[in-house]
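Engineer: Mind having a look at this structure? Questions to follow.
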Amino acid sequence: MSAAQITVAGLHKRYGATRALDGMSFTVRPGVVTGFVGPNGAGKSTTMRAILGLVAVDAGAALIGGRPYRSLRRPLSHLGSLLDAAALHPGRSARDHLLWLAHSQGLSTRRVDQVIEQVGLASAARRKAGGFSLGMRQRLGIAAALLGDPPIIMLDEPFNGMDPEGIVWIRGFLRSLAAEGRAVLVSSHLMSEVQDTADHLVVAGRGRTIADADVADLLAAASRDRVAVRTTAGPDAMTVLGHAGADVAVTGRDALTVSGLPADRIVALLNQSAVPFSEVSAHRATLEEAYMELTRDAVEFRTATPPEVRR
């Protein structure tokens, strides 16, 4: 087993009558950014805390390179983590916060200055962390995770509070960490950022893993045989295609998604009925679409939404 690997195997955890984890299992491999997503109450936070030994599970194991986190000597050199960007002393400077952590692990002052530079906080290193924005606290938390130069990085919602420049930075930064051979686990609610950053996705729901696959494979499965049609005559197109046996949904202004007919047949039907259109192409699902489909039955709290217009 690689030292740069997290193995989560059959985790179970109850809090009274609440089942927080119900057999959660997955592996975070080296050289890959793994996204960890799921609705509220899916068990993501409990799983990440179990990986760090902060939660005692009822059954199963969470291992870092084949060993429990609590058994690791100088754990920051094995796994660097950020679970809560606000978990710092507001009266300490960013540099002093990192020095305190570094000295507890036998790490040098030079290493502190390296990670401060690495996350772009050099100009704010001597400012009190209590005055930092959320985005700056995220950068400080990432710097702390990097202190031991670990082969595994685990970050919970690192995009929160980041401005556009910060989001672009962290996307590239996470990919660069994986390119160095590190295992990177990132929990996020921002599907667009996960799609642009992660190679692999673990989807949690009701305390278990409901999907564990490469992002490209999930997108291909969600796209299926659907066809995107752009037309200014939506009602006419829906009538023509519906009569031919297609399932047609309105997905935007002048935009339809068609299931049940191949693209060439759709083109022929629209031409025969003189229905104008500007585009007929294979539908490319977003990660958000794939996620919503996967978690449809795993959402604990649901709001009423108007149904799609179908023909």
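The values are calculated or read from the model by the stated rules, or taken from the named source; none is laboratory data. If you're wondering where the values come from, they're calculated on a predicted model, not measured in any experiment. So basically every Cβ, Gly included, is an ideal-geometry build from the backbone, and we count neighbours across all protein chains shown.
Engineer: Among (1) modelled with pLDDT under 95; (2) outside any helix (DSSP H, G or I); (3) within 27 Å of A3 (Cβ to Cβ); (4) not hydroxyl-bearing (S, T, Y), where does I210 come up short?
Structural biologist: That leaves (3) as the condition not met.
Engineer: Looking at region 262-290, I want the residues that are at pLDDT 95 or above and loosely packed, with under 14 Cβ neighbours inside 10 Å and have a partner that is part of a loop (DSSP other than H, G, I, E, B) and not polar (S, T, N, Q) with Cβ atoms under 7 Å, at least 6 apart or on another chain. Which pairs are those?
Structural biologist: P276/A233
Engineer: Taking region 198-207 as the search range and keeping residues that are outside any loop (DSSP other than H, G, I, E, B) and under 20 Å from R49 (Cβ atoms), which one is farthest from the chain's Cα centre (by Cα)? I'd like the intermediate steps shown before the answer.
Structural biologist: First pass over region 198-207, keeping only residues outside any loop (DSSP other than H, G, I, E, B): 200-205.
Narrowing the set further to residues that are under 20 Å from R49 (Cβ atoms) leaves 202-205.
On the way: V202: 8, V203: 9, A204: 11, G205: 14 Å.
Among those residues, the one meeting the criterion is G205.
Engineer: Taking region 79-122 as the region of interest, how many residues are aliphatic (A, V, I, L, M), within 25 Å of the chain's Cα centre (by Cα), surrounded by fewer than 18 Cβ atoms within 10 Å (Cβ to Cβ) and farther than 27 Å from T7 by Cα?
Structural biologist: Summing the residues that are aliphatic (A, V, I, L, M), within 25 Å of the chain's Cα centre (by Cα), surrounded by fewer than 18 Cβ atoms within 10 Å (Cβ to Cβ) and farther than 27 Å from T7 by Cα in region 79-122 gives 1.
Engineer: Restricting to region 138-176, name every residue that is part of a helix (DSSP H, G or I), in contact (Cβ under 8 Å) with a residue 40 or more places away in the chain and either surrounded by 22 or more Cβ atoms within 10 Å (Cβ to Cβ) or touching a strand residue (DSSP E or B) at 6+ places or on another chain (Cβ under 9 Å) (or both).
Structural biologist: Q138, L140, G141, I142, A143, A144, A145, L146, L174, R175
Engineer: Name the pairs whose Cβ atoms lie under 9 Å apart, with the first residue in region 187-200 and assigned by TED's automatic domain parsing to the domain that holds G31, the second assigned to a strand (DSSP E or B) and surrounded by fewer than 20 Cβ atoms within 10 Å (Cβ to Cβ), and 6 or more positions between them or separate chains?
Structural biologist: Note: pairs meeting the criteria are D199/D214; H200/D212; H200/A213; H200/D214.
Engineer: Right, next: Looking at region 21-42 only, could you name the residues that are at pLDDT 95 or above, in contact with a Gly (Cβ under 7 Å, 6 or more places away or on another chain) and surrounded by fewer than 23 Cβ atoms within 10 Å (Cβ to Cβ)?
Structural biologist: We begin by selecting, within region 21-42, every residue at pLDDT 95 or above; these are 21-36.
Pick out the ones that are also in contact with a Gly (Cβ under 7 Å, 6 or more places away or on another chain) and you get 21-25, 30-31.
Passing the criteria: D22, G23, S25, P30, G31.
Engineer: When you scan region 51-65, how many residues do you find that are more than 24 Å from the chain's Cα centre (by Cα) and not hydrophobic (A, V, I, L, M, F, W, C)?
Structural biologist: Step one: filter region 51-65 for residues more than 24 Å from the chain's Cα centre (by Cα), giving 56, 58-59.
Next, only the ones that are not hydrophobic (A, V, I, L, M, F, W, C) stay: 58.
Summing the residues that are more than 24 Å from the chain's Cα centre (by Cα) and not hydrophobic (A, V, I, L, M, F, W, C) in region 51-65 gives 1.
Engineer: Restricting to region 53-63, name every residue that is buried (at least 17 other Cβ atoms within 10 Å of the Cβ) and within 17 Å of S187 (Cβ to Cβ).
Structural biologist: The answer is V55, A62.
Engineer: Moving on. Select from region 80-103 the residues that are farther than 23 Å from L177 by Cβ and either free of Cβ contacts under 8 Å to residues at least 12 places away in the same chain or of a type in the set (S, T, N, Q) (or both) and list them in ascending order.
Structural biologist: Scanning region 80-103 gives S93, D96, W100, H103.
Engineer: Does region 179-197 hold any residues that are at pLDDT below 95 and either part of a loop (DSSP other than H, G, I, E, B) or within 13 Å of T27 (Cα to Cα) (or both), and which are they?
Structural biologist: Those that are at pLDDT below 95 and either part of a loop (DSSP other than H, G, I, E, B) or within 13 Å of T27 (Cα to Cα) (or both): S188, H189, L190.
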